[in-house]
Amino acid sequence: MITEIANKIYLHQKNGLEMEKITNHYPELDVNNAYEIQKLSIDFAIKNGDPLIGLKMGLTSIAKQKSVNVDEPIYGRLTKSMELENAELSMEGTIHPRVEPEIAFVINKPLFGNDVTAADVWDATEYIVPALEVIDSRYKNFSFTLTDVVADNASSSKFIMGKNAYSPTYTSWDKIQVDLFKNGVKVQSGVSSDVLDHPVQSVVKLVKMLSKDGYNLEPGMIILTGGITEAIHVEAGDVVEAHFEGLENMILHVKK
Ligand code: OOG
Ligand code: MG
């Protein structure tokens, strides 16, 4: 049953097709089952030539938790086809995409274990960049339970990394003010401490959650630490700009 659900989710993710919540059909599934489903569905992607390049945390800020009515952090997996190489998002193959500003870490050492500390994460950090994530729940109306959203790889769809790599000592990474603009109008604001008090704590939490499930972070991996503000709905023609104070600005053009 788990394999069957994973295969279905994989196909809906690949083809950008919406679906009913899996808990409608299988109310007995729990969040551990959901992480197994997530792992298997991404294994299908990997087998089809789309390698794993990182992980993401989600629902690490109160703004994000409130907006989807799930009150605990989750993780998801990032594959190569999710990374946008230029500042363009095509609506083709998406369902109801939303964009959110994040801080991303890139690591150069393995990170594992339940006793990992922020100092370990800093020691393993190659660089940090601002990023935009595009989330696109496969569930109708972007509505789900914790179990559903975990199985659907934490709504992962696309992401774009900033072009300037900042050193971990460049600034105070919990004091980045972020303003999000849609077509020139400011629609969201937040500060990076909204992410578990400090984005580094999001990586710590991720490593602990992975360790519980028997996985770790490998050198070279990208880690998205979670939306700083609520995600904003976009459609073709929109231009989204995120101003990360003291860092580069990120821009995304939404095309048909
Ligand atoms: C779940 C994914 C959340 C984040 O950064 O909080 C996420 C969702 O909101 O659909 O990526
Ligand atoms: Mg996110």
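What residue among 129, 116, 185 shows peak mean-square fluctuation when the chain is described by a Gaussian network model with Cα springs under 10 Å?
185
Most fluctuating residue of 166, 26, 35 in a GNM of the chain with Cα springs under 10 Å: which is it?
Residue with maximal mean-square fluctuation among 166, 26, 35: 26.
Per DSSP H run of n ≥ 4, the term is -39500 (n - 2.57); total these for the chain, divide by its residue number, and report the mean residue ellipticity at 222 nm rounded to 500 deg cm²/dmol.
Calculated at 222 nm, the ellipticity per residue is -8000 deg cm²/dmol.
Taking the Cα centre of region 94-199 as the origin, how large is its charge dipole in debye, to the nearest 20, when only Lys and Arg (+1) and Asp and Glu (-1) carry charge on their Cβ atoms?
In debye, rounded to 20, region 94-199 gives about 520.
Shape of region 44-122 from its Cα gyration tensor (a ≥ b ≥ c, root eigenvalues): rounded if a/c is under 1.5, otherwise prolate when a/b > b/c, or oblate?
oblate
I need the shape label for region 77-205. Rule: rounded when a/c is under 1.5, else prolate if a/b > b/c, else oblate, with a, b, c from the alpha carbon gyration tensor.
It is prolate, given that a/c is not under 1.5 and a/b is the larger ratio.
Could you size up the charge dipole of region 180-237 around its Cα centre, putting +1 on the beta carbon of Lys and Arg and -1 on that of Asp and Glu, and report it in debye to the nearest 20?
The dipole magnitude comes to about 60 debye.
For region 181-240, which semi-axes, largest first and in whole Å, follow from the square roots of 5 times the eigenvalues of its Cα gyration tensor?
In descending order the semi-axes read 30, 14, 9 Å.
Report the one residue of 87, 243, 73 whose Cα lies farthest in the direction of the positive end of the charge dipole of the chain (charges on C-beta: Lys and Arg +1, Asp and Glu -1; origin at the Cα centre).
About the Cα centre, the residue reaching furthest to the positive side is 87.
Which value, in Å³ per residue, describes the convex hull spanned by the Cα atoms of the chain? Mind dumping the intermediate values first?
On the way: hull volume 28.4 nm³, N = 256.
Given the Cα convex hull of the chain, per-residue volume reads 111 Å³.
Stretched out fully, how many nm does the piece from residue 46 to residue 72 gain, at 0.36 nm a residue minus the Cα gap? The partial results should precede the final answer.
Working: separation 26, 0.36 × 26 = 9.36 nm, distance 2.74 nm.
Additional length available on full extension: 6.6 nm.
Out of all DSSP beta bridges in the chain, what portion is antiparallel? Express it as a percent rounded to 5. Present the calculation step by step, with values, prior to reporting the outcome.
Details: 44 of 52 bridges.
Of those bridges, close to 85 percent are antiparallel.
Rule-based calculations on the coordinates, nothing more; no lab input. Since the structure is predicted, the reported quantities are computational estimates derived from the model, not experimental observations. Every residue, glycine as well, gets a Cβ built from its backbone with ideal geometry; the counts of neighbours run over all protein chains shown.
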